[in-house]
Each structure stands twice: as C-alpha cells, then as structure tokens.
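The values are calculated or read from the model by the stated rules, or taken from the named source; none is laboratory data. As the structure is a prediction and not an experimental result, all values here were calculated from the model. Glycine also receives a Cβ, built like all others from the backbone with ideal geometry; neighbour counts cover every protein chain displayed.
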C-alpha cells in the first residue's frame, strides 16, 4: 500500500512538473488582444492573423477583424490567406539559396555574372550574390518596370542594362531588383521555377497547404483583398499579387508573390528556430541557419533577413534583443524572431486595402512586439 501511494505521488509530481512549463509559456495574451482590437477601431488594417511561437510551441494563434472594412465582409480567421509581399524574399528566395549554398550548388562570393553573364554590363561585374543578399549591391531600390517593359524578359534586360548607384559593399540600400535577380539565379542554377522549388523543398514536406504563388480562383473567397491596380495596361489578365513588378513577372518573382496563412508559416518558422529541423526532417544545418541570420560587424542586414537595429527605432519594438532577425512585407505582413527569448511573432494583414496610403501600421508594429514580450513574461 505504501509503495502504491509513493508511486501515485511520484506520478502526480511528474505530471505537475510537465504542466508548469506549459502554463508558464502560454502567458496572458489579453493585452495583445486589446491592442489588436484597438488597432481595428483605428483602421490600422481591416483584419489580421497573429501567431506567437515561444519555446518550441505555438502559444497564441488568432485572427481578428474582417477581410475588408465592409460590415458584410467575411470575418478573418486563421485560414485567411494574405499576400505576403516582401516576406517572399526570406521565406522563398533566401530559403532556397540556403539549401543551394549548403549543398555547394551556389557560391555566395561568386559574381552574379557567373550565373547570369548579361548582368555584368555597365560596371556590375563585381557585384556578388552576397552583395545582393545583404542589400549592398549598389542596385537601385525600386523601379516601376511596367511603365517601360511589357514582358518578363524586358524586365530582366532593364536590370542587366542598369548602372549602379554606389560601389558594391559600401552602402546598404534595400533593393527589389536585387532579389528579382536572385530569383533568376535560383531558377538558372536549379533549372526549375521559384514556385516549383519552394513547393518541393518546403511547402509540401512542411504541410504548407496554402502557401503558394498565383492562388487559384477557387481560393479567392479565402484571400484578403489588397489594393486595386488602376495602372495595369496589358492585354493579359493581371495576376492577383499586389506588387506590380511581380505581376508583370507572371506572379512569381524573387522579391514578392507568395501568399500564405499564418498557420502555414508556423512550421517554416519553427523549423528555422529549431536549427533547420522539423518533425525529424532536416532542411538546413544549424550552421547554415546561423550564417544567414547572424549579424556581421555592424551590418544592418543579414543574408536575406533584416536585423533588429542596434540604435534607433525598429519595427520589432524595444523588447526584442539586438540579435533578433525578421522581415516586413509592404502589404502589412511581418515576421520577427528573437533567438535569445526563443520567441517569434508572425503577423499577416492587408493594411493596403483599400489604399496603401494607410501607413498606421508603422506605429502598430513596435507596439505589437513589445506587447507580446509583456504577455509571455
């Protein structure tokens, strides 16, 4: 009888020990919910989905608002699909490059012209793949190619014919043409489209069912609308993606084009947080993840990822450590990961609906991340 009693006590103690960390990790997210509800009232966005990952668990995953500001609009939910905009850069293009580099199929320090010979024209022969990923290539930030180009080939020719604004490696200037070029490199090296690469390398094995380029018409009812393009003057039907250059490139590009739900991004981010492994499958080595997400010197950017600023304001707020890495998307999306806190926040929204003139999200993002840290303490 004494032995049974002792075993029962031991089992209860073990169960309690297992339960305590789970309860501590869950936190109280009422301040976060109040912050988002206030943002909806202030018109920061029509709706949003937010997922919080802490210590290997998804401790918060909830949607708020609607797909549009109309009262009859469908409510946003965790299956609502958002245009990720520039989150395509780290999730798709950088992810594929990480695997190619790890498997010696791509050299970060090789000139871009090794893979795209025409790129070397007009003084760009010294630009490396690393320069593009650090956004210090000297390429311009952005160009509205639809004003002068009619086909993807003409866009590529325009980039190849362009001149640099600064010497490679000297100045950091976030560049969409750089990642358009990086997407071309990926397709050249692999012989497959970005879409096919992402689907086979990540989307299918990680179960990212609604992470895709050019979502089909059957999913339109689940996609949060963005901003209507009144400048599309081509005979071909416009791809759904908000970014005009990505649309001109057929909806699939290295800088923009991916659509996803918050839930589909969770396994991808958990995989990165776990050193490249998820549910027994290795996508990267821990060394590769560190190489692409760690600051070098005082650089403001890692390889394909943004970094929490060492000084001044950050969209990651003030409570995320300076070793944090993440990225923003123009449509109102973001991912931030703090390796010191073992914490990640995924936030998707369509703040550009009905107009991208709405920039209230700039004040919201730092508050979001500071509030999440408050909630998990």
### Task
Name every residue in the range 84-107 that is out of contact with any strand residue (DSSP E or B) (no Cβ under 9 Å at 6 or more places or on another chain) and part of a loop (DSSP other than H, G, I, E, B), in order of residue number.
103, 104, 105, 106
#### Entry: The listed residue being more than 22 Å from residue 179 (Cβ to Cβ) and in contact with a strand residue (DSSP E or B) (Cβ under 6 Å, 6 or more places away or on another chain), out of 348, 310, 343
343
### Query
Within the range 111-124, which residues are touching a helix residue (DSSP H, G or I) at 6+ places or on another chain (Cβ under 8 Å) and farther than 21 Å from residue 172 by Cβ?
113, 115, 116, 118, 120, 121, 122
### Task
Kindly check whether there is at least one residue in the range 144-158 that is within 18 Å of residue 189 (Cα to Cα) and touching a helix residue (DSSP H, G or I) at 6+ places or on another chain (Cβ under 7 Å).
yes
### Query
Somewhere in the range 164-179, is a residue out of contact with any helix residue (DSSP H, G or I) (no Cβ under 9 Å at 6 or more places or on another chain) and not in a loop (DSSP other than H, G, I, E, B)?
no
### Task
Answer yes if at least one residue in the range 168-182 is free of Cβ contacts under 8 Å to residues at least 12 places away in the same chain, within 25 Å of residue 238 (Cβ to Cβ) and surrounded by 14 or more Cβ atoms within 10 Å (Cβ to Cβ), and no otherwise.
no
### Message
Tell me yes or no: at least one residue of the range 207-214 is over 30 Å from residue 70 (Cα atoms) and in contact (Cβ under 8 Å) with a residue 12 or more places away in the chain.
### Response
yes
#### Entry: Number of the condition not met by residue 313 [criteria: (1) assigned to a loop (DSSP other than H, G, I, E, B); (2) under 18 Å from the mean Cα position of the chain (by Cα); (3) more than 18 Å from residue 53 (Cα to Cα)]
(2)
### Task
Kindly list the number of the only condition in (1) in contact with a strand residue (DSSP E or B) (Cβ under 8 Å, 6 or more places away or on another chain); (2) crowded, with 21+ Cβ neighbours inside 10 Å; (3) within 19 Å of residue 201 (Cα to Cα) that fails for residue 316.
(3)
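I'd like the residue in the range 209-230 that is in contact with a strand residue (DSSP E or B) (Cβ under 7 Å, 6 or more places away or on another chain) and either part of a loop (DSSP other than H, G, I, E, B) or modelled with pLDDT under 95 (or both) and, out of all such residues, is surrounded by the fewest Cβ atoms within 10 Å (Cβ to Cβ). Break it down stepwise before answering.
Of all residues in the range 209-230, those in contact with a strand residue (DSSP E or B) (Cβ under 7 Å, 6 or more places away or on another chain) come to 210-213, 215, 219, 222-224, 226.
When the remaining residues are screened for being either part of a loop (DSSP other than H, G, I, E, B) or modelled with pLDDT under 95 (or both), the result is 210-211, 215, 224, 226.
Numbers: 210: 18, 211: 25, 215: 21, 224: 28, 226: 23.
Out of the qualifying residues, it is 210.
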### Some residue of the range 112-123 being outside any helix (DSSP H, G or I), under 25 Å from the mean Cα position of the chain (by Cα), on the phi < 0 side of the Ramachandran plot and buried (at least 22 other Cβ atoms within 10 Å of the Cβ)
no
### Message
I'd like to check which helices (runs of 4 or more DSSP H) are fully inside the range 231-307 and have at least 3 residues that are in contact with a strand residue (DSSP E or B) (Cβ under 7 Å, 6 or more places away or on another chain), within 28 Å of residue 47 (Cβ to Cβ) and modelled with pLDDT of 95 or more.
### Response
262-273
## Note on the structure
Residues of the range 280-302 being touching a residue at least 12 places away in the same chain (Cβ under 8 Å) and within 27 Å of residue 210 (Cβ to Cβ), in sequence order, are 281, 283, 284, 288, 289, 292, 293
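In the range 124-163, which residues are touching a strand residue (DSSP E or B) at 6+ places or on another chain (Cβ under 7 Å), surrounded by 14 or more Cβ atoms within 10 Å (Cβ to Cβ) and either part of a loop (DSSP other than H, G, I, E, B) or in contact (Cβ under 8 Å) with a residue 60 or more places away in the chain (or both)? I'd like the intermediate steps shown before the answer.
From the range 124-163, those touching a strand residue (DSSP E or B) at 6+ places or on another chain (Cβ under 7 Å) are 125-128, 134-135; that's our starting set.
Now restrict to residues that are surrounded by 14 or more Cβ atoms within 10 Å (Cβ to Cβ): 126-128, 134-135.
Of everything in the range 124-163, those that are touching a strand residue (DSSP E or B) at 6+ places or on another chain (Cβ under 7 Å), surrounded by 14 or more Cβ atoms within 10 Å (Cβ to Cβ) and either part of a loop (DSSP other than H, G, I, E, B) or in contact (Cβ under 8 Å) with a residue 60 or more places away in the chain (or both) turn out to be 126, 127, 134, 135.
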### Task
Exactly one condition in (1) in a helix (DSSP H, G or I); (2) farther than 25 Å from residue 34 by Cβ is not met by residue 354; state its number.
(1)
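Kindly establish whether residue 51 is modelled with pLDDT of 95 or more, out of contact with any helix residue (DSSP H, G or I) (no Cβ under 8 Å at 6 or more places or on another chain) and under 25 Å from residue 341 (Cβ atoms).
Numbers: modelled with pLDDT of 95 or more: yes; out of contact with any helix residue (DSSP H, G or I) (no Cβ under 8 Å at 6 or more places or on another chain): no; under 25 Å from residue 341 (Cβ atoms): yes.
Answer is no for this residue.
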